[in-house]
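The values are calculated or read from the model by the stated rules, or taken from the named source; none is laboratory data. Source: prediction; values computed, not measured. Don't worry about glycine lacking a Cβ; one is built from the backbone with ideal geometry, like all the others, and counts go over all protein chains shown.
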Amino acid sequence: MVEAFTAGLLCAAGLATPAHAFPAHAAPAQTPAASAVPALADGLALTPPMGFNNWNSTHCGADFNETMVKGIADLFVTKGLKEAGYQYVNLDDCWALPHRDADGKLVPDPARFPNGIKAVADYVHSKGLKLGIYTSAGTKTCNSAGFPGALGHEYSDAQQFADWGVDYLKYDNCNNQGVDAKQRYTTMRDALKAASRKTGRPIVYSICEWGENKPWEWAADVGHLWRTTGDISDNWGSMLSILKQNLPLAPYAGPGRWNDPDMLEVGNGGMTDTEYRSHFSLWSVMAAPLLIGTDLRKASQVTFGILDNKEVIAVDQDPLGKQGTVVSATGGRWVIAKEMKDGSRAVALFNESGAAQRIATSAAAVGLPDAPAYTLRDLWQHRSYNTAGTVAATVPAHGTVLLRISADPHWAANPPATELGLDGSPLLEAAAPTPLTSTVTDLGRTPARGVSVSLTGPEGWTVRPASGTTATGLATGRSLRTAWSVTAPAGTPTGSYGLTLQAHYRSPAGQRVTSTLPLTASVVVRPPAGTSYLSDLNWLSATSGWGPVERDTSNGESAAGDGHPITIGGTVYAKGLGVHAPSDISFYTGKSCRKVTADVGVDDEKGTKGTVAFEIWADGTKVASTGVLTNAMPAQPVSADVTGAQVIRLVVTDGGDGNDSDHADWANATLTC
């Protein structure tokens with residue numbers, strides 16, 4: 001597969017996905033009307049809150065204590081995160097003892113916080129930062145140990161928080177005893193206001209009821225931000241699902257009233273650096289709260305580099321307060337644009353798919369006025385170019401190119417933007433020459449001069465041009481196309497290998513520019529002749545809505561190997577693939593296979609829950625689909641003719657109603673070659 005690199009506080013997991021989630025690979029059919037409820041007029045959270053929360057990295061582990069919290073505050077200062085805009089250091093569940101004292105007051109756990117919460121708040125404040133805390137709008141918090149919740153104690157608890165110097169409250173939804181959500185959250189709002197009047201301590205109020213009661217429609221004058229989804233997990237499928245739930249809610253966001261798609265997982269290890277850059281870019285273009293969820297004491301420089309990208313943060317923190325909206329979404333190619341206060345647009349070119357794709361839009365499409373040319377700023381590469389109006393890039397699998405585009409009268413001071421691409425599919429069988437074609441296209445209003453291109457591979461590989469690699473100049477819209485022959489040596493193990501496409505050129509003013517597109521080629525082998533179980537073959541890529549794709553078990557949602565026997569309609573299957581919608585598994589077939597068969601359905605382990613639809617794709621064509629299946633249905637046979645396909649894909653969508661409990665099985669899935 002080609003890839004390219006460009007530049008909470010506890011809430012209950014596993015909750016229902018709201019019905020406003022996008023179907024896979026689709027844009028919203030319509031945009032909801034914004035709530036007429038005015039935002040709280042207290043001047044708080046005029047831009048999305050930025051800070052840290054310990055839950056995603058520590059949960060209730062021994063690492064969560066006073067020393068950790070102080071250490072995070074220290075790192076905010078020494079690592080430049082405070083300067084970048086992060087200010088809240090938030091405590092999650094498990095900070096308290098399991099029981100209140102004789103006066104009904106909350107008691108900090110003396111083992112974790114021997115000096116109490118006020119001392120921690122004082123320390124955090126001494127660094128010029130703010131402290132956040134957690135509780136639940138129920139009788140107990142969400143942790144299984146059952147720490148005291150605030151239901152019935154709202155005014156007392158709010159006063160304690162204010163007296164301690166707390167600046168931020170995230171208010172969860174567990175053990176709520178069936179009391180109306182709006183009533184519970186409004187009561188705490190009033191309690192926080194009362195405490196603030198007594199102490200002069202304003203407290204940002206984060207509503208964490210998981211989007212169950214559509215708080216975006218009623219909570220603008222209750223809290224400053226509200227969760228729109230269930231909990232995020234540190235995997236691609238979870239991040240993607242939450243993105244699709246939050247995107248349609250853009251009309252409800254604005255200064256003092258933010259949609260909250262949950263905390264950042266950047267740096268926790270469950271995704272690649274490319275995926276984490278997408279995560280951070282997409283949360284920023286959605287004007288989401290940016291709450292770091294990794295233990296910064298253990299974070300890598302790459303993680304700090306993502307979290308401290310001030311140009312990306314500026315997109316999130318733009319004072320106009322607009323949430324980005326979907327311009328287009330087809331075939332996993334997303335264009336999301338955010339209007340900025342200075343009239344520019346932040347534009348995310350996001351590739352949902354498992355292979356690199358060209359994603360393109362235009363200045364007009366993202367809402368910019370007609371102009372002779374535009375300045376285009378790459379916010380990860382930190383470089384500026386001019387463009388005649390086209391905005392395009394080859395975006396890696398699961399990658400995002402984040403740009404800022406403006407109708408700038410000084411556009412000519414920048415060199416022309418160029419688009420690098422590679423046509424063909426670099427799925428290489430060892431010792432077999434593979435033809436590829438590179439392109440270098442001038443997107444600028446000014447010409448690119450003295451253009452040269454190179455393609456390099458791993459040591460020992462043969463990469464030879466079969467046509468010209470230079471051009472005297474490229475005018476706007478013109479391309480240099482170069483044919484290449486790429487050969488991996490005989491005996492090269494299967495797997496992914498790096499290729500690098502590079503173009504050199506000059507601007508009319510003599511500026512020298514080098515554009516680089518790292519790529520990934522995959523060395524593959526044809527599947528064996530005859531009929532094979534797909535669960536016995538190596539896949540090219542695999543994504544699942546929760547947890548990994550499983551071989552010969554159902555999807556367990558968390559880690560590899562945690563599934564159960566595949567069971568559909570009471571029938572147990574020894575072979576197959578277990579996934580959670582939305583999912584996508586691709587296999588190399590090398591044009592040598594003719595048929596895919598499977599018995600498909602929703603796994604019995606979720607009881608009566610779950611609705612999914614199964615699809616089989618041959619290269620870019622859908623060749624079979626089931627329509628929506630439910631848990632009440634027995635396994636359905638599905639088969640497809642895949643003759644001539646180089647790659648096949650097994651896709652499961654959520655049936656159009658969100659992906660709650662969507663455990664899907666490709667039982668007895670076979671490939672005949």
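Considering only residues of the range 464-482 that are within 35 Å of the chain's Cα centre (by Cα) and either loosely packed, with under 14 Cβ neighbours inside 10 Å or hydrophobic (A, V, I, L, M, F, W, C) (or both), which is farthest from Val525 (Cα to Cα)?
Here the answer is Gly477.
Out of the range 528-538, which residues are at pLDDT 95 or above and at negative phi?
Result: Pro528, Ala529, Thr531, Ser532, Tyr533, Leu534, Ser535, Asp536, Leu537.
Output the residues belonging to the range 285-306 that are assigned to a loop (DSSP other than H, G, I, E, B) and farther than 15 Å from Asp63 by Cβ. Lay out the reasoning, then the answer.
We begin by selecting, within the range 285-306, every residue assigned to a loop (DSSP other than H, G, I, E, B); these are 286-289, 293-295, 299-300.
Those that are assigned to a loop (DSSP other than H, G, I, E, B) and farther than 15 Å from Asp63 by Cβ: Met286, Ala287, Ala288, Pro289, Ser300.
Can you tell which of Ala27, Ala21, Ala16, Ala4 is within 26 Å of Pro251 (Cβ to Cβ), among the small types (Gly, Ala, Ser), at pLDDT below 50 and touching a strand residue (DSSP E or B) at 6+ places or on another chain (Cβ under 8 Å)?
Of the residues listed, the single one that is within 26 Å of Pro251 (Cβ to Cβ), among the small types (Gly, Ala, Ser), at pLDDT below 50 and touching a strand residue (DSSP E or B) at 6+ places or on another chain (Cβ under 8 Å) is Ala27.
Looking for whichever is crowded, with 19+ Cβ neighbours inside 10 Å and farther than 27 Å from Pro98 by Cα here; the options are Trp216, Trp164. Which one fits? Write out each step before concluding.
Details: Trp164 fails: farther than 27 Å from Pro98 by Cα.
From the options Trp216, Trp164, the qualifying one is Trp216.
For the range 58-84, which residues satisfy the criterion of being closer than 23 Å to Arg227 by Cβ and in contact with a Lys or Arg (Cβ under 8 Å, 6 or more places away or on another chain)?
Phe64, Ile72
Among the numbered criteria (1) at pLDDT below 95; (2) touching a helix residue (DSSP H, G or I) at 6+ places or on another chain (Cβ under 8 Å), which one does Ser144 miss?
Answer for Ser144: the failing condition is (2).
Out of all the residues in the range 625-673, which are surrounded by fewer than 24 Cβ atoms within 10 Å (Cβ to Cβ) and polar (S, T, N, Q)?
Within the range 625-673, Ser625, Thr626, Thr630, Asn631, Gln636, Ser639, Thr643, Gln646, Ser661, Asn668, Thr670, Thr672 qualify.
Please tell me if Ser425 is of a type in the set (S, T, N, Q), farther than 17 Å from Gly477 by Cβ and assigned to a strand (DSSP E or B). Write out each step before concluding.
On the way: of a type in the set (S, T, N, Q): yes; farther than 17 Å from Gly477 by Cβ: yes; assigned to a strand (DSSP E or B): no.
For Ser425, the condition - of a type in the set (S, T, N, Q), farther than 17 Å from Gly477 by Cβ and assigned to a strand (DSSP E or B) - is not met.
Can you go through Leu282, Leu320 and tell me which one is part of a helix (DSSP H, G or I), closer than 24 Å to His382 by Cα and aliphatic (A, V, I, L, M)?
Leu282
Please verify whether the range 592-606 includes one or more residues that are assigned by TED's automatic domain parsing to the domain that holds Ile566, under 25 Å from Leu428 (Cβ atoms) and touching a Leu at 6+ places or on another chain (Cβ under 6 Å).
yes
Quick one: which residue in Thr500, Thr553, Thr516, Thr472 is in a loop (DSSP other than H, G, I, E, B), touching a strand residue (DSSP E or B) at 6+ places or on another chain (Cβ under 9 Å) and outside the structural domain of Thr375 (by TED's automatic domain parsing)?
On the way: Thr500 fails: in a loop (DSSP other than H, G, I, E, B); Thr516 fails: in a loop (DSSP other than H, G, I, E, B); Thr472 fails: in a loop (DSSP other than H, G, I, E, B).
Exactly one residue qualifies, and that residue is Thr553.
Can you tell me which condition Asn115 does not meet? The list is (1) in contact with a helix residue (DSSP H, G or I) (Cβ under 7 Å, 6 or more places away or on another chain); (2) within 26 Å of Leu225 (Cβ to Cβ); (3) among the polar types (S, T, N, Q), and all the others hold.
Of the numbered conditions (1) in contact with a helix residue (DSSP H, G or I) (Cβ under 7 Å, 6 or more places away or on another chain); (2) within 26 Å of Leu225 (Cβ to Cβ); (3) among the polar types (S, T, N, Q), the odd one out for Asn115 is (2).
Being under 23 Å from Asp308 (Cβ atoms), touching a helix residue (DSSP H, G or I) at 6+ places or on another chain (Cβ under 6 Å) and modelled with pLDDT of 95 or more is the filter here, so list the residues in the range 374-426 that pass it.
Scanning the range 374-426 gives Leu379, Gly399, Thr400, Leu402.
Among the candidates Thr446, Thr441, which residue alone is assigned to a loop (DSSP other than H, G, I, E, B), farther than 27 Å from Val524 by Cβ and β-branched (Val, Ile, Thr)? Give the derivation first.
Details: Thr441 fails: assigned to a loop (DSSP other than H, G, I, E, B).
Checking each option against the conditions leaves just Thr446.
Which of the residues that make up the range 614-673 are part of a loop (DSSP other than H, G, I, E, B) and farther than 26 Å from Ile232 by Cα?
Matches in the range 614-673: Asp619, Gly620, Ala632, Met633, Pro634, Ala635, Val642, Thr643, Gly644, Ala645, Gln646, Cys673.
Residues are listed down the side, and each one gets a yes or a no for (1) surrounded by 23 or more Cβ atoms within 10 Å (Cβ to Cβ); (2) of a type outside the set (S, T, N, Q):
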{"residue": "Ser384", "(1), (2)": "no, no"}
{"residue": "Leu402", "(1), (2)": "yes, yes"}
{"residue": "Ile405", "(1), (2)": "yes, yes"}
{"residue": "Pro409", "(1), (2)": "no, yes"}
{"residue": "Pro415", "(1), (2)": "yes, yes"}
{"residue": "Leu420", "(1), (2)": "no, yes"}
{"residue": "Ala430", "(1), (2)": "no, yes"}
{"residue": "Pro435", "(1), (2)": "no, yes"}
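So in the range 147-180, with the set limited to residues that are within 22 Å of Leu131 (Cα to Cα) and of a type in the set (Asp, Glu), which one is nearest to the chain's Cα centre (by Cα)?
Result: Asp172.
Tell me which residues, restricted to the range 596-624, are loosely packed, with under 15 Cβ neighbours inside 10 Å, over 26 Å from the mean Cα position of the chain (by Cα) and of a type in the set (Gly, Ala, Ser).
The one that is loosely packed, with under 15 Cβ neighbours inside 10 Å, over 26 Å from the mean Cα position of the chain (by Cα) and of a type in the set (Gly, Ala, Ser): Gly607.
Return the only residue of Ala363, Ala356, Ala299, Ala288 being assigned by TED's automatic domain parsing to the domain that holds Ser406 and either surrounded by fewer than 21 Cβ atoms within 10 Å (Cβ to Cβ) or modelled with pLDDT of 95 or more (or both).
Checking each option against the conditions leaves just Ala363.
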